[in-house]
1. Kindly evaluate residue 178 against the criterion of being in contact with a Pro (Cβ under 6 Å, 6 or more places away or on another chain), open to solvent by 20 Å² or more (accessible area, probe 1.4 Å), at pLDDT below 90 and closer than 22 Å to residue 254 by Cα.
2. Could you please let me know if residue 188 is open to solvent by 20 Å² or more (accessible area, probe 1.4 Å) and within 15 Å of residue 222 (Cα to Cα)?
3. Could you look through region 223-266, keep only residues that are hydrophobic (A, V, I, L, M, F, W, C), out of contact with any His (no Cβ under 9 Å at 6 or more places or on another chain) and free of Cβ contacts under 8 Å to residues at least 40 places away in the same chain, and pick out the one that is nearest to residue 105 (Cα to Cα)?
4. Does residue 348 count as over 21 Å from residue 265 (Cβ atoms) and either among the charged types (D, E, K, R) or surrounded by 15 or more Cβ atoms within 10 Å (Cβ to Cβ) (or both)?
5. Identify the single condition in (1) over 26 Å from residue 243 (Cβ atoms); (2) surrounded by fewer than 14 Cβ atoms within 10 Å (Cβ to Cβ); (3) in contact (Cβ under 8 Å) with a residue 40 or more places away in the chain; (4) among the acidic types (Asp, Glu) that residue 158 does not satisfy, given that it satisfies every other one.
6. Output the residue which, of all residues in region 261-286 that are surrounded by fewer than 15 Cβ atoms within 10 Å (Cβ to Cβ) and at pLDDT below 90, is nearest to residue 320 (Cα to Cα).
7. Take region 122-157 and flag every residue that is over 24 Å from the mean Cα position of the chain (by Cα) and in a helix (DSSP H, G or I).
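The values are calculated or read from the model by the stated rules, or taken from the named source; none is laboratory data. In this text, all values refer to a predicted model and were calculated from it rather than measured experimentally. Glycine gets a Cβ as well: all are built from the backbone with ideal geometry, and neighbour counts include every protein chain shown. Ligands, DNA and RNA are excluded from the accessible area calculation, which covers all protein heavy atoms including side chains. Shrake-Rupley method; radii C 1.70, N 1.55, O 1.52, S 1.80 Å.
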Amino acid sequence: MLRTCLSYVAVACIWLGMACFGTPSSQGQTMGQEVAPQPMGSNGGTQSTGTSGAGGQSTNGNAQQIPSAPLNPPGTGPMTEGRVGVFGTGADIPQTSPMTQVSEGDLLDIVIFDTPELSGRFRVNLKGDILLPLAGTLHVAGLNLAEITDAVSQRYKDAKILVDPEVTVFVAEFTRRTITITGEVRAPGVYPIVAPRTLTDTLAMAGGLNDAASRTVSIVHAADPKHIIHVTLNVGAQTPESIEEGRMGILPGDAIFVARSGVIYLVGELTRPGGFQVEHNNRLTLLEAVALAGGLTRTAKGSQTRLIRRSPTGREELTVNLDKVLYGGGPDMLLTDGDILFVPTSARKVYTQQIISAAVGSATTYGIYRIGNLNQ
């Protein structure tokens, strides 16, 4: 009985205490709220934000709600293979490098650390400019990503908006990132390219030169379409000069044309007349050309060989004593693309050959007749 009475007294005391003092309430800021200073804005002041345990929104002492920074600002998505950014990897960032150049129409992803209000995606207009928040226009066409990063940082410094911004620039979307390779390559076509490459790399993308290719390669840069650059390749032993020419930079939008090698034509009294290709535009001499054609026939009139050559004023015809050249008595001339070498027929040799053939035939017939009479 006494225990029951004590229980009732304890319950009554607890009820009386709650009625007198009330329940505890939260006043002012929430305990444990994290406060982190924000970078200076356009007015030069600072803001204090924090996250509450339940809401995930930042509040200050006056309970004013301020939107928090996005969890995944532009260009900072999860890491995936094959999509590399300038200083990191983003899920929506195409493959780039710090030397990737930007052109009109590209979509840039600019991230300024801890300043989401100045970060975002910016399309390069037809003038090659982008419009930065609070900082105005910035010309970026023709610059690479490393140069744009420095330019954006310096612009916010000069405008006294940020003291020392940490800027990261990606290319979220390319508009014109191809090169055109035509001419005497194994796989001509249009190839995608997102960063500068060398001439050797681009020719390798097209499968290399085919058998009809010359050593002359013409390059037209997209930035200067009226200027044609001619490069002479060395397909044999490499030299420091040829290696340097092979390292010529090829930019997106450029066009490459590989010319066809020259052809010379050998006709007349030759063992194998026809057209012969001058591989990779190397020049042939008279002796080399005659050797390719298998040499002269028995009835060839080498002393009256004619060389027909194209010139700016028309066709020129030269008489060449090929017999002297073959026996070292004359200079060995160089043949160029389109040359025609005609070796005429010697009437005297033909007549002599006919007499010899007739004599041989008559002697053979007489011998057969004599042998037949002896056998009788």
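1. Yes, satisfied.
2. No.
3. 228
4. Judged against the criteria, residue 348 is a match.
5. The one condition residue 158 does not meet is (3).
6. 285
7. 150, 151, 152, 153, 154, 155, 156, 157
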